[in-house]
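Only one structure is covered here, and it is reproduced in the block below.
The values are calculated or read from the model by the stated rules, or taken from the named source; none is laboratory data. The model shown is predicted, which means the values in this text are computed figures rather than measured ones. FYI the Cβ positions are ideal-geometry reconstructions off the backbone, even for glycines, and counts take in every protein chain you see. Surface accessibility is based on the protein's heavy atoms, side chains included, excluding ligands, DNA and RNA. Shrake-Rupley method; radii C 1.70, N 1.55, O 1.52, S 1.80 Å.
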Amino acid sequence: MFRELEKQNAHKELERIFKEMLPAAGLPERPAQLELSKRMLATMLENHIALCEAGTGIGKTYAYLAAALVFNKYRRLAGLPDKPICISTCSIALQEAIVKEYLPTLNRALLKGGLIDKPAMAVVRKGKQHYVCDARLTRRLQCVNLEKKNPQNMAALQEMQKRLDMDGSAHRLSRFDKRQICVPRVCDCRRKNCRYLNFLDSCYSEKYLIQICNHNLLLADAIHRRTGKRPVLPDFCCVIMDEVHKLPDTAREMFGYTLSAADIEELGEMLFEEGYTLAAEDLAGGASKLLAMLDKPWDETVELKDFLKPLAKMASRLKVIKRQLQGLLHRGSRDRLAELANICDWLLSGPKQQLLYTAEAAGGGIKLGISPLNVGWLLGYRLWSRQQPFVLTSGTLSVAGDFSRFREYAGLLQRYRVKEFVAELPFDYERNCLLYLPVKALDYKSANYFDELLSEVTQLIEAACGHALILFNSYADLSEIKEKLLAGKWNYPLYSMGRGTVQTSDNFKARPGGVLLAAGAAWEGMDFPGDCVSLLIIPRLPFPLPDAKSEQEREEYASLSEFIQAAVVPEMQIKLRQGFGRAIRTEADTCVIAILDERAARENGRYREAMQRALPKMPVTGSLADVEAFIRAVKSESYFKEAASCECEK
C-alpha cells in the first residue's frame, strides 16, 4: 500500500513529534514512548495486528494518537479515500480525556510544528440508550405530575431539552426516566429536526477524523456487519483498542445474552405504554422475587443456580403474556418480549457449549448471562478477518513477555498478521521502590489470621506515616479489617471503598496521609497521583475465584496442577501487576509494596517465583525498620506533616 520511502518519511515525522514538537509543548521526551509509537505506525502502514503492552508511565495514549495522525496524513498523500480512525476503550474517563486533554494538546503541538494544517476532531460514540429521543422526552414531560415529581428529577428532565447525551448532566436522571426518554431499540423516526439523527449524520460526515467508542459498541457494529444489518459505525481505516485486556470478557457478553433487573423493568414499561396494564402488572408479580434478588450487590460467590426457581416463575408468565398478546404489540415490544422469553429458556435449560454465569450489572446489582464457551473464534470471524490494521494495547497483555494467554482468549493464536511488542518501562524501580515480605508470613487458614493481619498492617502504616492503599480480594476481608481498625486506636483518616463508591476515592485523594481500603475495580484503572499511595499493601495474592468459566476451562487440562500453572497463575500475575500500577504512576513516585501472602512471602513459598516474575526488579526486605528508613529517605518533610492533624473518620 505504501512505498518504502513513504514509510521512512512517516517515521521521520513521528520522531519530530516526540523529539521536538511535544517537548516544546512541555511534555517530557520518552524514548520508550517514541519506540512504542513507531511500532504502532508500522502496524498501520503495513496492515498488521499489533499487540502492544505499555505499562503506566509510557504514555501510550499520545503514542497511538500521534501514530494515527501521521497515518492519516500519509493516506491522504497516497490518494486513499478518507476514512475515520476508531479508538475503542473501556473507560469513560479515558474517552473524555482523549477529547478534552490529549488530542487538543497534540493538535496544538502539531499545528505549531506545521505537521497538520487544521486540528483533528474527535467524537465519542455510544449506544442508543445513552441518547435522548425528542418525541419520548416530550411525552414524558407532558405526563409528569409537577406536584409529586422530585424537583431534582424534574430539573434533570428539563435539562435534557438542551442535551442529547444523558451522561454527565448537571442533574442526575433517575433510572426510570432514562428508560422513558432514551432512543428506543427500534427507531422509525423520520423527523427532520431529530437531534439524534442529526448527530448520526454528523458522525458519518468528514467532520470527525477520530471516533471514540467502547468495546461493546465496536463489537455490536461487527455483529451487525456479519449478520447483514445496518452498521452502527462508519467504515474505518484503522482500529485502535486501548484497555484491550478486557476485550474477551466484553465479547463474552456481546456474543451472548444477559438478563438484569433493568431488562425486566423495561419490558414492563413497554407493555404499560402500549396500554396493556394487566400484562405489565402480571409480569411485575411473576418477577417480584427475581427482581429483589437481582437488585442485591454482586460478588464472585453469586451462583446462577440460586436464581433458577424465581427465573422459572417469571419465564412462565412471559409465555402467557406472549401468547395472549400475539399479534397485538408493536414490533419493538414484541421483539423484546420474545427475546427475554428466549433468554429465560436458555438460562433454565443450560445448553451445551454455552457458559452460564453471573456478573455485576451496569447500574449495580446482578445480571445473569449465557455466552459461547470460546469467544476467540467469534472475534476472529467478526473482527480480525477484516483487512485493516488493528492496534491492541494495554498495560497488562503478557506474563513476562508471553502473550499466548491473551492471544488464545482473543482468537489471535493462528493469525499471521500479529506482531508483539513490550514497551520498556521508564521507572527506576530499584531506587524508587521497596518490596516488603514479612519474616513471619501470615497463614490465611489460621484462626488468628485477621488479628495477625491487623498487627502487620498497623505497623506498616505507622512506619510509612499513612499514605496507604490496601487492596483486598474480597469485600468480606475488607469489612473484617475495617471493623478491627475502627475498634482500635487510630491516627490516620480511614476510607473504605465499596461497590460503586467512586466519591470515596476522591475524598482519599483530597486528604493526603489517609488509608484507603479497597477491592474489586480498585485493582485497575484508578489513578492515585503523587504521594497519595506511598504504601501499597496486598494481603493476599489476587488469584481468581472459581466460576463457571474456569470450571469449563479446567476440563481442557489433564490435571488440576497443569490447569493452575497454565491458566490460574497467569491470571493472578496479570492482576498483581494491575494492582502494582496503583503505586507507581510517574518517574517521581516512590512506594513500599507489601505482599503479606505466605505463599509469596516465604523464601520457599509456592508462588514466590510467580510473584517475582510479575513485578519489576526492586530491593526486598523483611524488616519494618527498613520500611521506615526507606520512607524517610525518599519523602520530603511535608509528607510527614500531611496526616498529623487529621482525625480518623468513624
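Below are the figures for this structure:
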{"item": "Test: residue in the range 565-575 that is at pLDDT below 90, out of contact with any Gly (no Cβ under 9 Å at 6 or more places or on another chain) and small (Gly, Ala, Ser)", "result": "yes"}
{"item": "Sole exception among (1) open to solvent by less than 70 Å² (accessible area, probe 1.4 Å); (2) more than 30 Å from the chain's Cα centre (by Cα); (3) closer than 30 Å to Ile17 by Cα for Lys118, by number", "result": "(1)"}
{"item": "Where Tyr357 falls short, out of the listed (1) touching a strand residue (DSSP E or B) at 6+ places or on another chain (Cβ under 8 Å); (2) under 30 Å from Phe272 (Cα atoms); (3) crowded, with 18+ Cβ neighbours inside 10 Å", "result": "(2)"}
{"item": "Qualifying positions in the range 108-131 - among the hydrophobic types (A, V, I, L, M, F, W, C), outside any helix (DSSP H, G or I) and more than 19 Å from Tyr204 (Cα to Cα)", "result": "Leu115, Ile116"}
{"item": "Wholly enclosed helices (runs of 4 or more DSSP H) of the range 292-387 bearing at least 3 residues within 20 Å of Asp263 (Cβ to Cβ) and touching a Leu at 6+ places or on another chain (Cβ under 6 Å)", "result": "308-324, 331-349"}
{"item": "Exclusive hit being open to solvent by 60 Å² or more (accessible area, probe 1.4 Å), of a type in the set (Asp, Glu) and at pLDDT 90 or above, set Glu598, Glu609, Glu555", "result": "Glu609"}
{"item": "Test for Gln180: is it buried (at least 17 other Cβ atoms within 10 Å of the Cβ) and in contact with a Pro (Cβ under 6 Å, 6 or more places away or on another chain)", "result": "no"}
{"item": "Residue satisfying all of: in the range 81-98; outside any helix (DSSP H, G or I) and under 14 Å from the mean Cα position of the chain (by Cα); modelled with the highest pLDDT among these", "result": "Ser88"}
{"item": "Helices (runs of 4 or more DSSP H) lying entirely in the range 476-579 (those with 3 or more residues that are in contact (Cβ under 8 Å) with a residue 40 or more places away in the chain and out of contact with any Pro (no Cβ under 9 Å at 6 or more places or on another chain))", "result": "548-554"}
{"item": "Pair list, Cβ under 7 Å, 6 or more apart: the range 180-199 residue free of Cβ contacts under 8 Å to residues at least 12 places away in the same chain, other residue assigned to a loop (DSSP other than H, G, I, E, B)", "result": "Leu197/Cys189"}
{"item": "Residue within the range 367-376 that is over 30 Å from Gly579 (Cα atoms), out of contact with any helix residue (DSSP H, G or I) (no Cβ under 8 Å at 6 or more places or on another chain) and free of Cβ contacts under 8 Å to residues at least 60 places away in the same chain present", "result": "no"}
{"item": "Subset of the range 619-649 that is in a helix (DSSP H, G or I), farther than 19 Å from Ile595 by Cβ and within 34 Å of the chain's Cα centre (by Cα) - its residue that is modelled with the lowest pLDDT", "result": "Tyr639"}
{"item": "Some residue of the range 7-28 being out of contact with any Lys or Arg (no Cβ under 6 Å at 6 or more places or on another chain), open to solvent by less than 20 Å² (accessible area, probe 1.4 Å) and not in a helix (DSSP H, G or I)", "result": "no"}
{"item": "Which numbered condition Tyr131 fails, given (1) buried (at least 17 other Cβ atoms within 10 Å of the Cβ); (2) out of contact with any Phe, Trp or Tyr (no Cβ under 6 Å at 6 or more places or on another chain); (3) of a type in the set (Ser, Thr, Tyr)", "result": "(2)"}
{"item": "Matching residues, the range 29-72, being in contact with a Lys or Arg (Cβ under 8 Å, 6 or more places away or on another chain), among the hydroxyl-bearing types (Ser, Thr, Tyr) and surrounded by fewer than 24 Cβ atoms within 10 Å (Cβ to Cβ)", "result": "Thr56"}
{"item": "Residues satisfying the stated conditions in the range 79-97, i.e. hydrophobic (A, V, I, L, M, F, W, C) and open to solvent by 40 Å² or more (accessible area, probe 1.4 Å)", "result": "Leu80, Cys90, Ile92, Ala93"}
{"item": "Selection within the range 242-291 - without any contact (Cβ under 8 Å) to a residue 24 or more places away in the chain, closer than 16 Å to Lys313 by Cα and either open to solvent by 20 Å² or more (accessible area, probe 1.4 Å) or part of a loop (DSSP other than H, G, I, E, B) (or both)", "result": "Glu281, Ala284, Ser288"}
{"item": "The range 1-29 residues that are under 16 Å from Leu110 (Cα atoms), paired with ones that are open to solvent by 40 Å² or more (accessible area, probe 1.4 Å) and part of a loop (DSSP other than H, G, I, E, B) (beta carbon under 7 Å, 6 or more apart)", "result": "Phe18/Glu29; Lys19/Glu29; Pro23/Glu29"}
{"item": "Exclusive hit being in contact with a helix residue (DSSP H, G or I) (Cβ under 6 Å, 6 or more places away or on another chain) and of a type in the set (Lys, Arg), set Arg540, Arg511, Arg554", "result": "Arg554"}
{"item": "Boolean, Leu233 is assigned to a helix (DSSP H, G or I) and at pLDDT 85 or above", "result": "no"}
{"item": "Condition check for Ser534: modelled with pLDDT of 80 or more and either open to solvent by less than 60 Å² (accessible area, probe 1.4 Å) or touching a Cys at 6+ places or on another chain (Cβ under 6 Å) (or both)", "result": "yes"}
